[in-house]
Amino acid sequence: MTEQEAIQARDPFALATSRGLRFYVGTPAEDIAILAWQRKMLEDGEFFTIFTDVRQAPGSFLDLFRPPNLLFYKLNADDAIHYAAWFTPSWFGAFGSVWVARSIRGTHVGEESFLLGQCIMAIGFKLYPLLGGITSRTPFVAKNADKWYVNMGKLPYKLNGEHDQWLLFYTKEQFENGPFNPFQSGQET
C-alpha cells in the first residue's frame, strides 16, 4: 500500500510501513541490530539520557522491547537503527519514547522523524486510550504546553542525573485535532 492509499484508508500500520518503519518481532537479526544500537548509544554517551543503568545488560535491553511492549524502528543505508520509538503499556494506556540518531537530528532526514512520529502517535491511539512520556527538552515544554499535551509538571528527580524532566500526557482528542494527526483533513504529509 502506498503512503497516499494508507492515508485514505486511515490505516496507521500501513502508513508506518509505507514510510519505512519496521515492527520488532524478535528475530535474531533484529536482536543484533538492537544490540548494535545499544552499543552505539553507549559509545556516544546517549544511553543514560534515555535508559536507566538496569537496561545496560543486553538481555534487559532486549526485554524492554518484547511483548507486551512494542518497538518500531527504521534502518539507515548501513542497516543500523537511526530512528526508534516504543510503547510500554501501563494502567492508563502506555508510555511512549522516541530516539533519533544524533547524526541526523536537525537534518532533512531528521525532519522525516516528524512524519514517522505521526505514524507512531496514530498507532498508539489505535491501541491505547492515553499516551504518556517524559522529556528534558525545556524549550519544547515551554512552547507547546497544553497545546499538544497536558504537562503534569516537572519531575522531583532527574532520571539521567543531568537535566530537568517533565511528565507529559497526550490525549486522543489532542492528537485528532493537532499537528501530529496524519489523517486530519488537509494535513500535509
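What follows draws every value from the coordinates through simple rules; no lab data is involved. Remember, it's a predicted structure, so these values are computed and weren't measured experimentally. Every residue, glycine among them, receives a Cβ derived from its backbone with ideal geometry; neighbour counts consider all protein chains shown.
For the chain, report the translational diffusion coefficient in µm²/s to the nearest whole number, using Stokes-Einstein at 25 °C, 0.890 mPa s, and a Kirkwood Rh over Cα pairs.
For these conditions, the coefficient is 142 µm²/s.
Mean residue ellipticity at 222 nm from the helices of the chain, using -39,500 (n - 2.57) per DSSP H segment of n ≥ 4 over the full residue count, to the nearest 500 deg cm²/dmol?
Values: 8 runs with 74 residues, N = 189.
Computed mean residue ellipticity for the chain: -11000 deg cm²/dmol.
Express the relative contact order of segment 3-177 as a whole percentage, based on alpha carbon pairs under 8 Å and six or more residues apart in sequence.
Result for segment 3-177 is 18 percent.
Give the calculated FRET efficiency between Glu3 and Glu173 to the nearest 0.05, with a Förster radius of 25 Å applied to their Cβ-Cβ distance.
The pair Glu3/Glu173 has a calculated efficiency of 0.50.
For Glu173, Glu112, what ranking results if the residue with the fewest other Cβ atoms within 10 Å of its Cβ goes first?
Details: Glu173 9, Glu112 17.
Result, fewest neighbours first: Glu173, Glu112.
For Ser113, Ser103, Ser136, what's the fewest-to-most ordering of other Cβ within 10 Å of each Cβ?
Ascending number of Cβ neighbours within 10 Å: Ser103, Ser136, Ser113.
If each residue of separation counts as 0.36 nm, what is the full-extension length gain between Ile50 and Ser103 once their alpha-carbon separation is subtracted? Don't skip to the answer; put the middle values down first.
Working: separation 53, 0.36 × 53 = 19.08 nm, distance 1.67 nm.
Full extension from Ile50 to Ser103 adds 17.4 nm.
Consider all pairwise Cα distances in segment 29-119 and report the whole-number % of them above 20 Å.
Tail fraction, whole percent: 35.
Can you put Thr135, Thr2 in order, fewest other beta carbons within 10 Å first? Before the final figure, lay out each step's value.
Values: Thr135 18, Thr2 10.
So the ranking, lowest neighbour count to highest, is Thr2, Thr135.
Taking the alpha carbon gyration tensor of segment 3-64, what are the square roots of 5 times its eigenvalues, largest first, to the nearest whole Å?
Sorted largest first and rounded, they come to 30, 13, 10 Å.
Local charge sum around Gln38 (other residues, Cβ-Cβ under 14 Å, Lys/Arg +1, Asp/Glu -1)?
Summing Lys/Arg as +1 and Asp/Glu as -1 gives -4.
Could I have the simple spin-label model distance between Gln184 and Trp91, label points 7 Å from Cα toward Cβ, reported in nm to one decimal?
Result for the modelled spin labels: 3.2 nm.
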